[in-house]
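Each remark here refers to the structure printed beneath this line.
Throughout, read-outs are computed from the coordinates displayed, never taken from laboratory work. Being a predicted model, the structure only gives us computed values, none of them experimental. Don't worry about glycine lacking a Cβ; one is built from the backbone with ideal geometry, like all the others, and counts go over all protein chains shown.
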Amino acid sequence: MASRALPPPYKDIEDLVRVERLPTIWCPGCGIGIVFKTLLKAIKEYGDDIDRHVIVSGIGCAGRFAGYVRLDGYHVLHGRAIPFAVGLKLSKPQLEVTVVSGDGDIVGIGGNHFIHAARRNHDINVVLINNLVYGMTGGQLAPTTPLGARTMTSPYGNIEHPVNIPLLASAAGATYVARWSVFHVEQMKRSFLKMFKHKGFSVIEIISPCVIYARRNRMEILDMYELLRKMCKVKQNPDPREGEIDIVSGKPVVLGEFVSIEKPTYESLYSELVEKVRKNE
Amino acid sequence: MMGTKLIEPGKHFLTGNVAVAEAALLAGCRFYAGYPITPSSDLMHHIAARMVEVGGVFIQAEDEIAAINMILGASAAGLKAMTATSGPGFSLMEEGLDLGFMLELPAVIVNVQRVGPSTGIPTLGSQGDVMQAIWGSHGDRASVVYAPSNPQECFSFTIEAFNAAETLRMPVFILSDEFVAHSYGKVVVPDHSEIRIVERRRLDESSIGKALPFKVDDTVPPFAEPGKGFRFHYTGLMHDDRGYPVIDKEVTRKLLSRLMRKIEKHRNALVQYTVLDEDFAGSTMVVVYGSIYSIARTAYRRDREFRRRVAVFRPHVLWPMPDRELRSLVKELGIDKVIVVEMNMGQYMYMVRSALLDLGVRVEQLNLTPGFYPSPNELKEMVSKVMERG
Ligand SMILES: Cc1ncc(C[n+]2csc(CCOP(=O)(O)OP(=O)(O)O)c2C)c(N)n1
């Protein structure tokens, strides 16, 4: 059991961890653990009835997130965490529903759901862990892979333009959009707290180093940490158009709060509609 | 008739699609997600208005994949949920159906069949999705497939489908088609108190901390509502009683056999069929289902000579198959030839053949061109031709 106890910095969140499932499948050096700890700390700090929180994950390394959290959690299909979460939220609005999954899962195979859930401004949270690659399946090209980067399916360097997630999210209608990296734990946590409070579709993208990505690009994982740490630039209210990631040619990765606006949610509009229709009958 | 309340007891004149929608609401369905596709769209139009009136949730999904995953999320939250689609949309839902089976989430999926494959003929019905509804899965699963033949059955089978879904905790199918969905017919709604409505067994909060999501002595574990403190994990991965993914021979065998046993165990309650054998003095049996049964039945009712020559066996539920019942009837009536009449290139025929394999009975197929419904007379002629083939 010794290996299953959490180290001291995790003591305050131990009751939210399925300790019996440790060790996780995540590679030593993977950034997901930092997001894990930070999100659970935010849930604790948010203070509200913890059992209202539900985690929904798709498939992938990041998709294993829900499985290690001791809350009601659903590990569903590749790309389909968002519609599953929408079904949960619409059926039980008192739940605080958070999707945690990978970039390939959410904006690759699940891209259509991402766009339309943002457009309808569903009151759910999306934590998108962007490791620039399909990690779980061995390091193939993701829609986020930077130009020039090597993956198993772009062995000579990627020629696809990557998606700019903050721009996509804001164009689709998300009402809270932020991006942080695993080096920005305090900002990340504050953003998570805002996201819980925010009424509407929140997207928080976390840039997270990946052992598989590093290996395919002939780096040690520590070099990748160093590279990302140097390239990340926090900005005050950056424009989503600044969200493009081009690390191979050395452009900074812009972090910050891209969007934070109020707009009626699907859930509130729906319940008003039901009330109105039923009154007129 | 409709108002804000549920459909009133008494006689109504409804299409099959509207009958399904009204029965769903009466059965307690309070979540519908769907994506438009002919010939199921009018079901969605009806429920778009009615769901708001009864205070449930209606949402038009961005595609069928979203629709199935939304209704699974709704079911996970504890609501009775439904979607309706047609062939191409049903194909898109396949992966979600298997997730529902693994997570043990009740749901009702209506497939208003049209002519396929591919876009086929959107406006005409067929029975081309029988195999897909029964077998369309990666890995093994078994579910319940209802095949209504008229609006009245659309109504009653839908209520039964919700009951089966809740009892078995799995997605259940209604396989109608354009012909049934768009024909008007009399629908008699019984007194609401006479309608049996089943609710899934639920864990009560006193078991928090003790209960596990998939631990059962029986075949179907009780359901735990999220947000109450159970803190259960659910995964589409092969999992143990705690819902945790494991790669283990014993766990795999145990879970798969329990999931499959759900159908076997409830088989007798699920299996339903009709036999027409008045005046029968021959040795041929016609097996027919869904909309084609309603045509065959008219031919049968109209013609005494036809009644003398054929007996009709008609499953209400295609799966689980009434195979034992079919076998004993074939023996009892001295049948030497079975003709499976269906509007596809031969699907249910294979199941009939395997059910009767060792009885020395000839199983012939009569395949109607998908989309082109014969009149009762034409159908009778076609059956006679197959009979004369010796
Ligand atoms: C329908 C379907 N297609 C493909 C897969 C295989 N698959 C599993 S995870 C994955 C990629 C995950 O990438 P990402 O979402 O970026 O997460 P990561 O593993 O990098 O955290 C793929 C393609 C699957 N499980 N289901």
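Please arrange A:Lys263, A:Lys189 by counting, for each residue, the other beta carbons lying within 10 Å of its beta carbon, fewest first.
So the residues, fewest neighbours to most, are A:Lys263, A:Lys189.
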What the Cα atoms of region B:207-270 span along the principal axes, largest first and in whole Å, is 36, 29, 18
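Order of B:108-118, A:238-248 by packing, highest average Cβ count within 10 Å first? Write down the numbers at each step before the final one.
Values: B:108-118: 24.4, A:238-248: 18.2.
Ranking the peptides B:108-118, A:238-248 by packing returns B:108-118, A:238-248.
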Compactness check, chain B: C-alpha Rg relative to the 2.2 N^0.38 Å globular estimate gives 1.00
Percent of all Cα-Cα pairs per 10 Å bin for region A:8-280, counting from 0 up to the last occupied bin, reads 7, 31, 37, 19, 4, 1, 0
Heads up, region A:177-281 by the C-alpha gyration tensor (a ≥ b ≥ c square roots of eigenvalues; a/c under 1.5 rounded, else a/b over b/c prolate, else oblate) looks prolate
The rounded separation in angstrom of the Cα centers of region A:45-83 and region A:185-214 is 14 Å
Here the relative contact order (percent) of chain A, from C-alpha pairs under 8 Å and at least 6 apart, is 17 percent
Here the protein assembly as shown gives, from Cα atoms, an Rg and Dmax in Å of 27.5, 90
log10 I(q)/I(0) for region A:101-179, Debye formula on C-alpha points only (no solvent), q = 0.13, 0.18, 0.19, 0.21 Å⁻¹, two decimals, reads -0.40, -0.71, -0.77, -0.90
Out of B:Gly120, B:Phe232, B:Phe313 - ranked by how far each Cα lies towards the positive end of the dipole of chain B, with unit charges on the beta-carbon of charged residues - the top one is B:Phe313
Note on chain B: helices (DSSP H) long enough, at least 27 Å by alpha carbon along their axis, and hydrophobic enough, mean Kyte-Doolittle at least -1.0, are B:249-270
Checking region B:1-64 for GluC sites (Glu not before Pro) in a loop per DSSP with at most 16 other beta-carbon atoms within 10 Å yields none
For region A:107-215 the chymotrypsin sites (Phe, Trp or Tyr not before Pro) that pass both the DSSP coil test and the at-most-13 other-Cβ-within-10 Å test are A:Tyr156
In region A:8-280 the DSSP beta bridges are antiparallel at a rate, in percent to nearest 5, of 20 percent
Of all DSSP beta bridges with both partners in chain B, the antiparallel percent, nearest 5, is 30 percent
note: region B:254-358, Cα-Cα separations exceeding 22 Å make up a percent value of 34 percent
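Determine the calculated [θ] at 222 nm for the protein assembly as shown from helices alone, applying -39500 (n - 2.57) to every DSSP H run no shorter than 4 residues and normalising by the residue count; nearest 500 deg cm²/dmol.
-11500 deg cm²/dmol
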Between the Cα axis of helix A:266-280 and the main Cα principal axis of chain A, the angle (0 to 90°, nearest 10) is 10 degrees
For the protein assembly as shown, percent of DSSP beta bridges that are antiparallel (nearest 5) comes out at 25 percent
Around B:Gly96 (Cβ within 13 Å, Cβ-to-Cβ, excluding B:Gly96; K/R +1, D/E -1) the net charge comes to -3
Expressed as a percent, the portion of alpha-carbon pairs in region B:191-241 spaced more than 12 Å apart is 70 percent
